[in-house]
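Here the structure is laid out as structure tokens; the discussion comes afterwards.
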Amino acid sequence: MKTSSRDWSDIDHNIESNEFFRTEEYHETFREIRNEDPVHYSGGSVYGRPLWHLMRYNDIAAYLSDNTTFSSRHGGNLPPDPNRLLNLTEQERYDAGFGSSSTFTDAPRHPLLRQPMNKHFSVPAVARLTETIRRVTKQIVNEVEDRGTCDLVEDVAAQLPMRLVCEYMGVPRQDWDILRSFAQTYMGSTDPQFRREGMSEAKSQATARDDLYEYMKALAIDKRRNPGDDFTTVISSMMIEGEPWNDRDMGWWCFSMIAGGLETTRNAGATGMYTLIRNPDQADRIRQDYSLMPKAVEEILRWATPSKHKLRVATRDVELGGQLIRKDDWVVGWLISANRDEEIFDDPYKFDIARDPNPHMAFGVNTGGHYCLGRNLARLELKVLIEELLRRFGTIELDGAPEWLASSNTAGLKHLPIRCRA
């Protein structure tokens, strides 16, 4: 194992603490590690167990592409309590979705779960939702125009995926807000603001997960008995190896649609607009030429990287970046560092809506089995959202300080007060 003479203890403490991510200063810390110790070993004094941190694009691409050597058996992100996860009983693992949620599965189980879903998220399939997305977005923008001020996160970026995905899934209108609350707490319990009162991060996340899963499983069971014109009905009729999905698998897929569908666009959309506000020349370039929108969306995704990292567990001893990683070691690939790797991107700390090429890792890598299923939908939502805001408002300005989530996983804003006018 190569070793560094530098004392990294302070930096290790920071990158394993959710509070460190309340500002954007972590980018400079990641640059330091990427340049000095890109396959970095931490004793885990804050997190609770040792970790390998991967910072370079090529190392992360290699590790995400090798699903045999690097397993998703503990999930795709760092759990709040690693020691509790390692000591779960079989019943507790079952209750948490292990084996049914694609996040916690490897081949051969993982491709079996993914295969029935793939065609529904192809580019042509998603394109059929364009008019629905535009209709919902215009409703939201109309509401903002009437007021002139808003919280871009709560009133715009969070509203689009909530209204779109809940309508698409056939969730009754009166339940949209409660499902959004479940998803927000599940994904955001790292931040005390979104944690359930009186609960630890781990407990808050687990109870929100269970509430969302039980709701979506019940909805899917009902749709199997009483089909509707919605995607939950489609999921309820899917087959795996010639057999209907059982209630558990069906429930976890519907859970994933809500949990993933509501948060990714919220975070990328809010961060994208915040970045355009800070770079008005880039917003003006789009207004002058909307054919730049596809490239602008890719740059927003690179810049925002809504999921900061991916977790894997080594299934064997393996060398990566000159370091020997042992079997059962936990390895964290920092996508948000890869997306600013100077060896891959020219001037990576510049926001350039015409960047080309732009091989970002916001969705993982397309050679990996866990490449984001909803990537085409997220791209389309972002395109329509940014277009509608820029077309409607000639001026979009900050009306207060932005607040970032305290999270080592989710890259996103909690609040972004803005003023806007035509």
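The values are calculated or read from the model by the stated rules, or taken from the named source; none is laboratory data. Note that the coordinates shown come from a computational prediction; the quantities given were computed from them, not determined experimentally. Glycine gets a Cβ as well: all are built from the backbone with ideal geometry, and neighbour counts include every protein chain shown.
Per-residue answers, yes or no, for (1) under 23 Å from the mean Cα position of the chain (by Cα); (2) within 18 Å of GLU387 (Cα to Cα); (3) of a type in the set (A, V, I, L, M):
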site: HIS120; (1), (2), (3): yes, no, no
site: ILE133; (1), (2), (3): yes, yes, yes
site: LEU164; (1), (2), (3): yes, yes, yes
site: PRO172; (1), (2), (3): no, no, no
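Can you pull out the residues in the stretch 168-195 that are of a type outside the set (Ser, Thr, Tyr), buried (at least 17 other Cβ atoms within 10 Å of the Cβ), at negative phi and not in a helix (DSSP H, G or I)?
VAL171, ASP191, ARG195
Looking for whichever is aliphatic (A, V, I, L, M), buried (at least 21 other Cβ atoms within 10 Å of the Cβ) and touching a Leu at 6+ places or on another chain (Cβ under 9 Å) here; the options are ILE336, ILE353. Which one fits?
After ruling out the rest, the residue left standing is ILE353.
Just name the residue that is nearest to GLY260 (Cα to Cα) out of those in the stretch 358-408 that are in contact with a Gly (Cβ under 8 Å, 6 or more places away or on another chain) and assigned to a helix (DSSP H, G or I).
Residue satisfying both the conditions and the ranking: LEU377.
Taking the residues in the stretch 228-251 that are of a type outside the set (Gly, Ala, Ser) and under 29 Å from VAL384 (Cβ atoms) as candidates, determine which candidate is surrounded by the fewest Cβ atoms within 10 Å (Cβ to Cβ).
Filtering the stretch 228-251 for residues that are of a type outside the set (Gly, Ala, Ser) and under 29 Å from VAL384 (Cβ atoms), the one surrounded by the fewest Cβ atoms within 10 Å (Cβ to Cβ) comes out as ASP229.
Any chance the stretch 44-60 includes a residue that's farther than 12 Å from TRP334 by Cα and assigned to a helix (DSSP H, G or I)?
no
Which numbered condition trips up ALA220, out of (1) surrounded by fewer than 18 Cβ atoms within 10 Å (Cβ to Cβ); (2) of a type outside the set (Phe, Trp, Tyr); (3) on the phi < 0 side of the Ramachandran plot?
(1)
Just to verify a result, which residue in the stretch 301-321, among those that are small (Gly, Ala, Ser) and closer than 23 Å to ARG49 by Cβ, is farthest from the chain's Cα centre (by Cα)?
GLY321
What helices (runs of 4 or more DSSP H) lie completely within the stretch 91-154 and have 3 or more residues being at pLDDT 95 or above and surrounded by 14 or more Cβ atoms within 10 Å (Cβ to Cβ)?
Filter on the stretch 91-154 gives 130-147.
List every residue pair whose Cβ atoms sit under 9 Å apart, with the two residues 6 or more apart in sequence or on different chains, where the first one lies in the stretch 188-214 and is within 16 Å of ASN409 (Cα to Cα) and the second, anywhere, is among the β-branched types (Val, Ile, Thr) and not in a helix (DSSP H, G or I).
GLY188/THR410; THR190/THR410; ASP191/THR410; GLU201/THR190; GLN205/THR190
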